[in-house]
1. Please enumerate the residues belonging to region 12-26 that are assigned to a strand (DSSP E or B) and either farther than 21 Å from Gly65 by Cα or in contact with a Leu (Cβ under 6 Å, 6 or more places away or on another chain) (or both).
2. Within region 1-14, is even one residue in contact with a Phe, Trp or Tyr (Cβ under 6 Å, 6 or more places away or on another chain) and either open to solvent by less than 40 Å² (accessible area, probe 1.4 Å) or under 20 Å from Lys109 (Cβ atoms) (or both)?
3. Among the residues of region 102-123, write down those that are at pLDDT below 95 and open to solvent by less than 20 Å² (accessible area, probe 1.4 Å).
4. Can you report the number of residues in region 82-115 which are assigned to a strand (DSSP E or B) and either among the hydrophobic types (A, V, I, L, M, F, W, C) or within 19 Å of Glu6 (Cα to Cα) (or both)?
5. Of everything in region 78-123, what is β-branched (Val, Ile, Thr) and touching a Ser or Thr at 6+ places or on another chain (Cβ under 6 Å)? Give them in sequence order.
6. Tell me, which residue of region 39-53 that is open to solvent by less than 20 Å² (accessible area, probe 1.4 Å) and either in contact with a helix residue (DSSP H, G or I) (Cβ under 9 Å, 6 or more places away or on another chain) or hydroxyl-bearing (Ser, Thr, Tyr) (or both) is nearest to Val78 (Cα to Cα)?
Amino acid sequence: QVQLVESGGGLVQAGGSLRLSCAASGSIFSINAMGWYRQAPGKQRELVAGITSGGSTNYADSVKGRFTISRDNAKNTVYLQMNSLKPEDTAVYYCNVVATIVRLSLQSKSDAWGQGTQVTVSS
């Protein structure tokens, strides 16, 4: 299994910045994709940004040019740098990691989610 620990959320004024971190641990053989999702009150969870094992990235149109996703493969950690934050970015942000895990010499796929971290942007 994969355990995820998120950090970095908080309260910030519009125009400010925050950096989210998500560290993965467990019986990880390899990490495939890592990403950040968010869910605002009354709305569905949506993809914010994703990054593949090769470093390819994709972003929601609403955050392009403001958010940057990156990963440290040595630390099994993914980051989300959020700049020029807007009140509409307010949500709970969730980390997602798709990995290959090893248990009893058998490999299997794991799709893990973090506990969520609150990001609140005041106007």
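1. Restricting attention to region 12-26, the residues satisfying the condition of being assigned to a strand (DSSP E or B) are 12-13, 18-26.
If the condition is that a residue be assigned to a strand (DSSP E or B) and either farther than 21 Å from Gly65 by Cα or in contact with a Leu (Cβ under 6 Å, 6 or more places away or on another chain) (or both), then Val12, Leu20, Cys22, Ala23, Ala24, Ser25, Gly26 are the ones that fit.
2. no
3. The answer is Ser110, and nothing else.
4. Qualifying residue count, region 82-115: 17.
5. If the condition is that a residue be β-branched (Val, Ile, Thr) and touching a Ser or Thr at 6+ places or on another chain (Cβ under 6 Å), then Thr90, Thr100, Ile101, Val102, Thr120, Val121 are the ones that fit.
6. This residue is Ala49.
The values are calculated or read from the model by the stated rules, or taken from the named source; none is laboratory data. Predicted model only: the values in this text are computed from it and were never measured. No Cβ is skipped: glycine too gets one built from the backbone with ideal geometry, and neighbour counts run over all protein chains shown. Remember, those area values only see protein heavy atoms, side chains included, never the ligands or the DNA or RNA. Shrake-Rupley method; radii C 1.70, N 1.55, O 1.52, S 1.80 Å.
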